[in-house]
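To start, the structure itself, in structure tokens.
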Amino acid sequence: MASVLRLENVFTSSFKLSSAPSNSSLSNPTRPYSLLSFSSPLLPALISPKLHRRTSSAAIFKVSSSSSPSTAICSVPTEPIEGQKTGTSGLRKKVKIFKQENYLANWIQALFDSLPPEDFKNGLLVLGGDGRYFNQEAAQIIIKIAAGNGVGKILVGKEGITSTPAVSAVIRKRKANGGFIMSASHNPGGPEYDWGIKFNYNSGQPAPESITDKIYGNTLSLGFRYHKVMLSILSNAGGFVITNLNGGIAIQISEIKKADIPDVDLSRLGVTEYGNFSVEVIDPVSDYLELMEDVFDFQLIKSLLSRSDFRFMFDAMHAVTGAYAKPIFVDKLGANPDSITNGVPLEDFGHGHPDPNLTYAKDLVDVMFGENGPDFGAASDGKGGVVVGGLGGRSTTRLGPDKLVASGGATVAASGGATLALTGGCIRSLGGTVGKCSTEVPKEEEDGGSIGDDGSERGVGGLDEVPCGGDGDRNMILGRDFFVTPSDSVAIIAANAQAAIPYFQSGPKGLARSMPTSGALDRVAKKLNLPFFEVPTGWKFFGNLMDAGKLSICGEESFGTGSDHIREKDGIWAVLAWLSLIAYRNKDKKPGEKLISVSDIVMEHWATYGRNFFSRYDYEECESEGANKMIGYLRDLVSKSKAGEKYGNYILQFVDDFTYTDPVDGSVASKQGIRFVFTDGSRIIFRLSGTGSAGATVRIYVEQFEPDVSKHDMDAQTALKPLIDLALSVSKLKEFTGREKPTVIT
Ligand code: VG1
Ligand code: CO
């Protein structure tokens, strides 16, 4: 039997349902709510028939205060769900899984059960996302559960859209307690693809493992909460069981707390109040834009973009940065409106893959590597076609409408729907066609469809077959006929930041990279005499260092670059940083004088610091069993290998499974990637992806340092071939995974 409990003293926040503004479509006059049945039209449609049947035991808590009417909070019964462990960046699963009964709701409830109440009760949270499929539905679920758990106010980006970096910026600026990001980032979106959710806390930083582990624990046992105040309701609440008396009262519950409020209209800016809870729909751009204006010298960038001898191109790839590109680049910085391509965010992002690596931005690459290409091109997460980069630096790559030719000898056809990419001198097709190095692509692959390694048909129809998302945190930097690797990009930004970017005018405090990212940044830190940190893969590991004032600029090889202006990697920031560098270097150039180009800047950097050749091979969606066995085999090797052993021409300096101890809070992250480091500084690294939603993705990273300027021109794949061969033989990858070739090479 449902019960009504007076919980004023239990839930520190009270919910009052007030009349919404009468001119609002959200208007929902106060109505009787006590003992609302679950068939209430106000309840989310998400409550499935099964749940309806189970509601006989549901408690509906009427939480009231003496001064105003309150909002009912429903207790929706639920059960633990397996497999909700967050990976490198949030919880990512197929949409179909997230749509299962209570799947998302359980995770959100488990999150609130994991946080100290003072971190959210009556507090302020932010909600944003990349606009991918299921976000609208998910936003309503999150809002109701947040309200049900006592959150005071939620700021939501209009239409639920806010880029990942902008969510971080809003959390910081509005001093929010934290925020949700509805995105599976670089994973494709759509009904057949992925959805994801991430929680960032009050510095704007992705929740560390100490929090995500607790959430995971709570999803399994929904939930063991240590909540002294709950004691007062034990006698009344039939569904509550005392399970543990450790450190307060531990109560196993099996409920999701949802406020009984109508769906919120996210299409209009403004505040809607529901008693003590309110939702404010905000412009997703303004706070972020203001921050960018503080960080960069917009006048300097404007002076570059207004030059007739400098041409700029930004591909927003129909994803979330589309909402930011025009207000920032065109309206504020004076770029030609034509320089923004795919600038309109689409719900399905125009069907593409959201990863702005060298695989998915055909339009931009066509232009950048075409005859008389622009001087600077950039893309952020979203849909694209082929993205060329490749050659890991200076390249003689040319891309015509139908053909791509790499200096390493790779020829890639990119006609029609085919989406082949030249990456570091190698190629892949969008649909998962096996990447090939320095080879001619067979004709049949040009038409989009192809047979994957496992014999499955993939990618037929090319781009149109793969919907996507994209949350604006990644970036790709291109010059004319030139691709800048992300590992070089962060190093070059760091080397030039103090001179070109006002935010860094007193110099960066410290630099950091993820472990597999190349050592180019290390060399800059050394030269500038700056503190330097190497953290595991995933942006969440940078946050503590930033909060402690030890870190300003950092990056990952996976097209992530950023700084402590927020606590996420930031695609638009990286583009503005590069524009600042170029503008600064050319500020005294008279019209007609030759400008210092992107490739000049990179070549000059290599001449000063040496070049770190770098490449990553991805073997996507392998059978988990084989991939895990391979990692097990490598771990075994780690324990047996000794310094001084010969691996081909390389001499082992050390091998380990990377463990990181956070210098700020002492937390330890172990098993973060197996690395073989050789005496000449070359490295081979193996790890499994923590963002995939099916099977296991093996990533191999190889790196080699080259001090000799005369060799800097080399194709990265050529330079790295011996190391790549070594990586394949050391790991017995073919044997364990059955894969002949990688699916992606960057
Ligand atoms: C990948 C990248 C990692 C990045 C993460 C999230 O993780 O390698 O560097 O931080 O994606 O990026 P993994 O575990 O699959 O290798 V995003 O733009 O998808 O939030
Ligand atoms: Co992303």
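Here are the numbers for this structure:
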{"item": "Given (1) open to solvent by less than 30 Å² (accessible area, probe 1.4 Å); (2) in contact with a helix residue (DSSP H, G or I) (Cβ under 9 Å, 6 or more places away or on another chain); (3) more than 16 Å from ligand 1 (Cβ to nearest atom), number of the condition Leu720 does not satisfy", "result": "(2)"}
{"item": "Residues being surrounded by fewer than 24 Cβ atoms within 10 Å (Cβ to Cβ) and charged (D, E, K, R) - total across the stretch 114-147", "result": "4"}
{"item": "Residue that is nearest to ligand 1 (Cβ to nearest atom) [pool: residues in the stretch 679-692 that are more than 30 Å from Lys198 (Cβ to Cβ) and open to solvent by 20 Å² or more (accessible area, probe 1.4 Å)]", "result": "Gly681"}
{"item": "All strands (runs of 3 or more DSSP E) inside the stretch 496-579 with 2 or more residues being free of Cβ contacts under 8 Å to residues at least 12 places away in the same chain and within 16 Å of ligand 2 (Cβ to nearest atom)", "result": "none"}
{"item": "Residues satisfying the stated conditions in the stretch 299-328, i.e. closer than 30 Å to Met182 by Cβ and touching a Leu at 6+ places or on another chain (Cβ under 7 Å)", "result": "Met313, Asp315, His318, Pro327, Ile328"}
{"item": "Residues that are open to solvent by less than 10 Å² (accessible area, probe 1.4 Å), among the acidic types (Asp, Glu) and away from ligand 2 (no atom under 16 Å from the Cβ), drawn from the stretch 473-495", "result": "Asp488"}
{"item": "Residues satisfying the stated conditions in the stretch 504-521, i.e. in contact with a strand residue (DSSP E or B) (Cβ under 6 Å, 6 or more places away or on another chain) and not hydroxyl-bearing (Ser, Thr, Tyr)", "result": "Pro508, Leu511, Ala512, Arg513, Met515, Pro516, Gly519, Ala520, Leu521"}
{"item": "So Asn149, is it more than 24 Å from Pro284 (Cβ to Cβ) and not hydroxyl-bearing (Ser, Thr, Tyr)", "result": "yes"}
{"item": "Tally, over the stretch 658-669, of residues that are part of a strand (DSSP E or B) and either at positive phi or open to solvent by less than 30 Å² (accessible area, probe 1.4 Å) (or both)", "result": "2"}
{"item": "Residue ID - surrounded by the most Cβ atoms within 10 Å (Cβ to Cβ), chosen from residues in the stretch 551-589 that are within 16 Å of ligand 1 (Cβ to nearest atom) and among the acidic types (Asp, Glu)", "result": "Asp570"}
{"item": "Extreme residue, least open to solvent (accessible area, probe 1.4 Å), among residues of the stretch 305-334 that are of a type in the set (Lys, Arg) and part of a loop (DSSP other than H, G, I, E, B)", "result": "Arg307"}
{"item": "Residue satisfying all of: in the stretch 156-189; away from ligand 1 (no atom under 14 Å from the Cβ) and open to solvent by 10 Å² or more (accessible area, probe 1.4 Å); nearest to Gly543 (Cα to Cα) among these", "result": "Arg172"}
{"item": "Checking His186 against (1) at pLDDT 85 or above; (2) touching a Ser or Thr at 6+ places or on another chain (Cβ under 9 Å), the condition it does not meet", "result": "(1)"}
{"item": "Residue in the stretch 286-300 that is outside the structural domain of Pro165 (by TED's automatic domain parsing), modelled with pLDDT under 95, surrounded by fewer than 24 Cβ atoms within 10 Å (Cβ to Cβ) and not in a helix (DSSP H, G or I) present", "result": "no"}
{"item": "Residue list for the stretch 79-99, restricted to those being open to solvent by 10 Å² or more (accessible area, probe 1.4 Å), assigned to a loop (DSSP other than H, G, I, E, B) and under 19 Å from Phe180 (Cβ atoms)", "result": "Ile81, Lys85, Thr86, Thr88, Ser89, Lys99"}
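Here's the yes/no breakdown for (1) assigned to a loop (DSSP other than H, G, I, E, B); (2) surrounded by 17 or more Cβ atoms within 10 Å (Cβ to Cβ); (3) more than 24 Å from the chain's Cα centre (by Cα):
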{"residue": "Asp656", "(1), (2), (3)": "no, no, yes"}
{"residue": "Lys671", "(1), (2), (3)": "yes, no, no"}
{"residue": "Ala694", "(1), (2), (3)": "yes, no, no"}
{"residue": "Ile700", "(1), (2), (3)": "no, yes, no"}
{"residue": "Gln704", "(1), (2), (3)": "no, yes, yes"}
{"residue": "Asp713", "(1), (2), (3)": "yes, no, yes"}
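The values are calculated or read from the model by the stated rules, or taken from the named source; none is laboratory data. Just so it is clear, the model here is predicted, and its values are computed rather than measured. Reconstructed Cβ throughout: ideal geometry from the backbone, glycine too, with neighbour counts over all protein chains shown. Note: areas computed on protein heavy atoms with side chains; ligands, DNA, RNA excluded. Shrake-Rupley method; radii C 1.70, N 1.55, O 1.52, S 1.80 Å.
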